[in-house]
1. Determine whether segment 129-145 contains at least one residue that is of a type in the set (A, V, I, L, M, F, W, C), closer than 30 Å to Val204 by Cα and assigned to a helix (DSSP H, G or I).
2. Looking at segment 211-243, which of the residues that are more than 19 Å from Ser56 (Cβ to Cβ) and under 19 Å from the mean Cα position of the chain (by Cα) is modelled with the lowest pLDDT?
3. Can Thr137 be described as touching a residue at least 60 places away in the same chain (Cβ under 8 Å), of a type in the set (Ser, Thr, Tyr) and buried (at least 23 other Cβ atoms within 10 Å of the Cβ)?
4. Could you look through segment 249-282, keep only residues that are in a helix (DSSP H, G or I) and surrounded by fewer than 23 Cβ atoms within 10 Å (Cβ to Cβ), and pick out the one that is modelled with the lowest pLDDT?
5. Across segment 75-88, what is the number of residues that are surrounded by fewer than 15 Cβ atoms within 10 Å (Cβ to Cβ) and under 13 Å from Val126 (Cβ atoms)?
6. Out of Ala73, Ala114, I need the residue that is touching a Phe, Trp or Tyr at 6+ places or on another chain (Cβ under 6 Å) and touching a residue at least 24 places away in the same chain (Cβ under 8 Å). Which one?
Amino acid sequence: MKRVFLFIITNMAVMFTLGIITNVLCIFFGTTVEQLIGPRYADLAIFAFVYGMIGSVISLLISKPMAKFACGAQTIDGSEGEAEHWLVATVEELARRANVKTPEVAIYEGAANAFATGAFKNHALVAVSTDIMRQMTKEELRAVLGHEMSHVANGDMVTLTLVQGVLNAFVIFASRVLASIVASAGRGEGSRRRSDGGMYYLLVTVFDICLGILASLVVFAFSRRREYAADAGSARLLGTPTPMIAALRRLGNLQPGVLPDSLKAFGIAEGKRTSLWSTHPSLADRIEALQNLGPSNP
């Protein structure tokens, strides 16, 4: 769950910052984005798409350092001790099976959880908490690592970036259209100035936030679908779904790791019920999906 929330929060911060910079520049020059690009919706749509993708790509590029910072993860190389050596060796083995470059491996202090992130599948980061290392068997933890390596091999962060970029474009386009309509209401159809300073920018900000929250529901739905794929990927890497099922059952009996909100997107633990605001399906649904899988070959 860590990865998605981290990406969403980072994306919102980036887009908010870009929006403030743009608005300040427009106010300084006495104009608006709408006036600069013209009144045609096609031009606004192009601007929104380019601007939205830029914000999403920036979020992707800084995802790994942001993840380390958010949870205080420390990169290891396996020389720190027996547990760390096993962890690094297992990730290396799973990376070979997944046909990707071995990602950075990190450990952070916290309750049971794990996550993977990074802009590129061959330059990723896999991190696990101290509690999950203590409370899971090696086979269960290996399944969790297989789950995270499947996220990496599937390129889920890049796909998420594309989804978020399109949603950014929608939010930018719709918020500015709605702000223009509301700001110009009551001034007559003949008025060519469709926005007036502070009111227009205030409306844009409000609509950006509201539509951005609604757009997050689409990201959450995408994340839930990718969790099933990552669980199945773990089963393929290990040759059987049994360890992943055991790991999920273990998480159901543990107090799941309470991650920083910005890191909840691609972690392993989730609540017992699935809602529109969940980044993961329920543990019961994930276990059922794994039980319905056929035999896998490592």
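The values are calculated or read from the model by the stated rules, or taken from the named source; none is laboratory data. Here the structure is a predicted model, which is why all the values come from computation and not from measurement. Every residue, glycine as well, gets a Cβ built from its backbone with ideal geometry; the counts of neighbours run over all protein chains shown.
1. No - not one qualifying residue is present in segment 129-145.
2. Filtering segment 211-243 for residues that are more than 19 Å from Ser56 (Cβ to Cβ) and under 19 Å from the mean Cα position of the chain (by Cα), the one modelled with the lowest pLDDT comes out as Arg224.
3. So Thr137 does not fit the description; no.
4. Ranking the candidates gives Ser262 first.
5. 1
6. So the residue among Ala73, Ala114 that is touching a Phe, Trp or Tyr at 6+ places or on another chain (Cβ under 6 Å) and touching a residue at least 24 places away in the same chain (Cβ under 8 Å) is Ala73.
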